[in-house]
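S.K.: I have a structure here, written as structure tokens, and I will follow up with some questions on it.
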Amino acid sequence: MAELPKTDIEMHKRFMREAIKASRASNCIRPDRIVGTVAVYGGKVLIATNNGTCPRVAPCSERGGRCIRHKLGVAVGTQPGLSWCLCGEQRLVAIAARNGISIKDSIIYCTHRPCIVCTKLLAECGVKEIFYETEYPDEMAKQYAEEIGLAVTLLRP
């Protein structure tokens with residue numbers, strides 16, 4: 001991986017801080033899975049969101065206070081659709097669509113590396129690049145991004 005110029009690193013870190021800030025509004029009850037996601041185009045934030053339930057869906061905190069994935073013994077990095085929550089990336093795409101905002105050619109900043117479902121979704125939307133801060137154990141997502149030439153870059157704090 002080529003080193004980014006210092007000015008680019010500072011810009012990327014600034015947008016990653018926006019993703020971290022967005023993550024604070026998540027209603028996910030698992031501290032290790034609180035996710036923030038930001039779409040940036042032309043140096044401006046288009047959308048900032050987080051993972052969590054849809055407005056009409058009760059979060060796990062109201063469903064006995066335990067994550068359904070924990071209840072069912074689902075391993076991290078497997079069965080990505082098995083959750084009451086939407087991933088931050090899925091919410092970002094839904095909000096963009098609902099508001100008529102194109103994220104084509106945007107740069108995405110995620111607190112966690114996107115899973116395979118979100119990697120495919122963001123690729124289909126035409127995002128230019130993805131930066132993330134925390135690993136997520138999904139080898140298929142890594143392979144998929146590599147095969148299609150989608151740059152997914154760890155941004156060290």
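S.K.: So who's got an amide H within less than 5 Å of the one on residue 86, skipping anything under 5 residues away but keeping other chains? H placed 1.01 Å off N, in plane.
M.R.: It is 52, 53, 54, by chain and number.
S.K.: Would any residue of the range 127-155 have its amide N under 12 Å from a label point 7 Å out along Cα→Cβ of residue 9? List them or say none.
M.R.: 155
S.K.: Okay, next question. Output wanted: per-residue J couplings in Hz (rounded whole) for the range 58-65, from phi through Karplus 6.51 cos²θ - 1.76 cosθ + 1.60, θ = phi - 60°, x for Gly and Pro.
M.R.: Coupling constants for the range 58-65: 5, x, 4, 4, 9, 10, x, x Hz.
S.K.: Based on alpha-carbon centroids, what's the gap between the range 13-45 and the range 75-129 in Å, whole number please?
M.R.: For the range 13-45 versus the range 75-129, the Cα centre distance is 12 Å.
S.K.: 5 Å is the cut-off here: which amide hydrogens, built 1.01 Å from N in the peptide plane, fall below it relative to residue 47, excluding neighbours closer than 5 in sequence?
M.R.: Residues meeting the criterion, in which the H sits 1.01 Å from N, are 39.
S.K.: Please report the antiparallel percentage of the DSSP beta bridges confined to the chain, to the nearest 5.
M.R.: Bridges in the chain that DSSP calls antiparallel: roughly 55 percent.
S.K.: Using a Gaussian network model of the chain whose springs link C-alpha atoms within less than 10 Å, name the residue from 144, 109, 132 with the highest mean-square fluctuation.
M.R.: In the Gaussian network model the winner is 144.
S.K.: A further question follows. Taking only protein heavy atoms into account and a 1.4 Å probe, give the accessible area per residue of the range 2-71 in Å².
M.R.: 59 Å²
S.K.: A further question on this structure: With Cβ to Cβ distances under 13 Å as the rule, what net charge do the other residues near residue 104 carry (K, R +1; D, E -1)?
M.R.: -2
S.K.: Something else: What list of ³J(HN,Hα) couplings, whole Hz, do you get for the range 136-153 from phi and the Karplus terms 6.51, -1.76, 1.60, once you set θ to phi - 60° and write x for glycine and proline?
M.R.: Per-residue couplings from phi come out as 9, x, 9, 5, 5, 4, 5, 5, 4, 4, 5, 4, 8, x, 8, 6, 10, 10 Hz.
S.K.: Could you pull out every one of the lysines with an alpha carbon less than 25 Å from that of residue 142, ignoring same-chain neighbours closer than 8 positions?
M.R.: 13, 104, 120, 128
S.K.: Sticking with this one: Net charge around residue 120, counting only other residues with Cβ within less than 12 Å of its Cβ (Lys, Arg = +1; Asp, Glu = -1)?
M.R.: The answer is -4.
S.K.: From zero up to wherever the largest Cα-Cα distance of the range 53-157 sits, split into 5 Å bins and tell me the percent of pairs in each.
M.R.: 2, 12, 21, 22, 19, 14, 8, 3, 0
S.K.: When only the heavy atoms of the protein chains count and the probe is 1.4 Å, how do 87, 118 rank by accessible area, highest first?
M.R.: 87, 118
S.K.: Label point 7 Å out from residue 94 along Cα-to-Cβ: which residues of the range 57-80 have amide N under 15 Å?
M.R.: 57-60
S.K.: How much of the accessible area of the range 20-113, probe 1.4 Å, is carbon plus sulfur, in whole percent?
M.R.: 54 percent
S.K.: Scan around residue 35 for amide H atoms under 5 Å from its own, H built in the peptide plane at 1.01 Å from N, and keep only partners 5 or more places away or cross-chain.
M.R.: The answer is 51.
The values are calculated or read from the model by the stated rules, or taken from the named source; none is laboratory data. Every value quoted in this text rests on a predicted model; they were computed, and no experiment measured them. In this analysis, Cβ positions are derived from the backbone assuming ideal geometry, glycine residues included, and neighbour counts consider all displayed protein chains. To get the accessible areas, we keep the full protein, side chains included, count just its heavy atoms, and leave off ligands, DNA and RNA. Shrake-Rupley method; radii C 1.70, N 1.55, O 1.52, S 1.80 Å.
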